[in-house]
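Input: a single structure, listed below in structure tokens.
The values are calculated or read from the model by the stated rules, or taken from the named source; none is laboratory data. Keep in mind it's a predicted model, so treat the numbers as computed, not measured. Using ideal geometry, Cβ is built from the backbone for each residue, glycine included, and neighbour counts are taken over all protein chains shown.
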């Protein structure tokens, strides 16, 4: 029996986190991933990157992406026991924007309040990811003992 997870639970977990792995495809059709820092607003995820970065260039060419957010799991007072991270994975459509095209709180959060001059701001792009389809989860909303049974620890929720 799969984990009973709701869309609201998934969004709450995504809003608590800030690190994910972003998957995309190069112009030659090669799969690539990158670790990124993100912020959530209005059920969309935002990422900053250099305007000329390969992430921005590849996503501008092919907007289909995937993301995996990891959620560390630990046993209190027994840190030497390694527990696999819980995960939330989804597909989405990404778009690349100038920093002025997104709500001002997004770059403020992602840049941690760093005050940038006009020239530096012109070098930054913001990638917006709109999740699509379903969230696929493992270990989200279940106990550590349930995580030992993949069929019981796996769940799906509509985006």
Pick from the range 83-120, criterion surrounded by 12 or more Cβ atoms within 10 Å (Cβ to Cβ) and out of contact with any strand residue (DSSP E or B) (no Cβ under 9 Å at 6 or more places or on another chain), ranking: modelled with the lowest pLDDT: 120
Single residue of 2, 79 found to be touching a strand residue (DSSP E or B) at 6+ places or on another chain (Cβ under 9 Å), closer than 30 Å to residue 149 by Cβ and loosely packed, with under 15 Cβ neighbours inside 10 Å: 2
Residue in the range 8-20 that is outside any loop (DSSP other than H, G, I, E, B), over 14 Å from the mean Cα position of the chain (by Cα), exposed (fewer than 14 other Cβ atoms within 10 Å of the Cβ) and at pLDDT 95 or above present: yes
Lone unmet requirement of (1) part of a loop (DSSP other than H, G, I, E, B); (2) closer than 22 Å to residue 40 by Cα for residue 81: (2)
Condition met for residue 126 (within 21 Å of residue 59 (Cα to Cα), modelled with pLDDT of 95 or more and either part of a loop (DSSP other than H, G, I, E, B) or within 22 Å of the chain's Cα centre (by Cα) (or both)): yes
Residue 69 vs. criteria surrounded by 12 or more Cβ atoms within 10 Å (Cβ to Cβ) and outside any strand (DSSP E or B): no
Test for residue 32: is it surrounded by 12 or more Cβ atoms within 10 Å (Cβ to Cβ), touching a helix residue (DSSP H, G or I) at 6+ places or on another chain (Cβ under 9 Å), modelled with pLDDT of 90 or more and over 24 Å from residue 140 (Cβ atoms): yes
Residues located in the range 39-58, provided they are in a strand (DSSP E or B) and under 19 Å from residue 131 (Cβ atoms): 39, 40, 41, 44, 45, 46, 47, 48, 49
Pair list, Cβ < 8 Å and 6+ apart or interchain, from the range 99-120 residues that are without any contact (Cβ under 8 Å) to a residue 24 or more places away in the chain to residues that are surrounded by 10 or more Cβ atoms within 10 Å (Cβ to Cβ): 100/121; 116/124
